[in-house]
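Engineer: This is the structure, below, for whatever I ask next.
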Amino acid sequence: MRSDSRLSRMLHVLIHMNRHDGPMTSDAIAAMLSTNPVVVRRTMAGLREAGHVRSEKGHGGGWTLARPLADITLLDVHRAVGEPTIFAIGLARDNPDCLVEQAVDAALAGALAEAEAVLRARLAAVTLQDLAQDFERRLADIGLAGPACPVETSPVETSPIEG
């Protein structure tokens, strides 16, 4: 099963947006993520609807943060990107009348629900500001004078964005 990296990728984008002067275009974000700008716009739309980012069309437009990083939790972003399934483990539904399957599914369902609740609580307790501070500490620890990622060296694109 392919892992869903939307949460991780959007957290990465939001931290970069916080460090970037001015709006970031869908094209620039797509280049950073090695994906298509349409995918970026679709994913960023969920963040916009949740009130975490805003977009401006036209020359000089792009995506900007709509809220401070301290006001956005990892759980907020998880929800905004469509609440991807947290676990690849699933329950069998092949033979719902089988008592063994019922017992197995009951045990797994309880364990998965508990684990998901713990993870959601942790995601709710961590803000993007926490991530940004960790990044800045790591940057200072290695004494990096230049950009931390290639996107910071890319010229700012000024093409219009959709949505």
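Engineer: Could the peptides 17-28, 58-69 be put in order, highest first, of the mean number of other beta-carbon atoms found within 10 Å of their residues?
Structural biologist: 17-28, 58-69
Engineer: Could you tell me how many degrees, from 0 to 90 and to the nearest 10, lie between the Cα long axis of helix 128-142 and the main elongation axis, the longest principal axis, of the Cα atoms of the chain?
Structural biologist: The helix 128-142 is inclined about 60 degrees to the chain.
Engineer: Next question. Only Lys, Arg, Asp and Glu count, each charged at its Cβ (+1, +1, -1, -1), so figure out the dipole size of the chain about its Cα centre, rounded to 20 debye. Walk me through the numbers on the way to the answer.
Structural biologist: On the way: 16 positive and 21 negative charges, 78 e Å.
Charge dipole, the chain, about its Cα centre: 380 debye, nearest 20.
Engineer: So, for the chain, what is the accessible surface per residue at a probe of 1.4 Å, expressed in square angstrom?
Structural biologist: Per-residue accessible area for the chain comes out at 59 Å².
Engineer: Along the positive direction of the dipole of the stretch 64-103 (beta-carbon charges: Lys, Arg +1; Asp, Glu -1; about the Cα centre), which of A70, A80, G90 reaches farthest?
Structural biologist: A70
Engineer: Counting only protein heavy atoms, what percent of the accessible surface of the chain is carbon or sulfur at a 1.4 Å probe? Could you put the intermediate results ahead of the total?
Structural biologist: Numbers: 5210 of 9640 Å².
In the chain, the share of accessible area belonging to carbon and sulfur is 54 percent.
Engineer: Regarding the chain, what is the average projected area of its C-alpha convex hull, in nm²?
Structural biologist: Value for the chain: 11.8 nm².
Engineer: I've got another one for you. Please give the charge dipole size of the stretch 62-105, origin at the Cα centre, charges +1 on K and R Cβ atoms and -1 on D and E Cβ atoms. Round to the nearest 20 debye.
Structural biologist: Dipole of the stretch 62-105, to the nearest 20 debye: 320 debye.
The values are calculated or read from the model by the stated rules, or taken from the named source; none is laboratory data. What you are looking at is a predicted structure, and each value in this text was computed from that prediction instead of being measured. Because the Cβ atoms are built from the backbone with ideal geometry, glycine has one as well, and the counts that use them run over all protein chains shown. Side chains included, ligands, DNA and RNA excluded: accessible areas come from the protein's heavy atoms. Shrake-Rupley method; radii C 1.70, N 1.55, O 1.52, S 1.80 Å.
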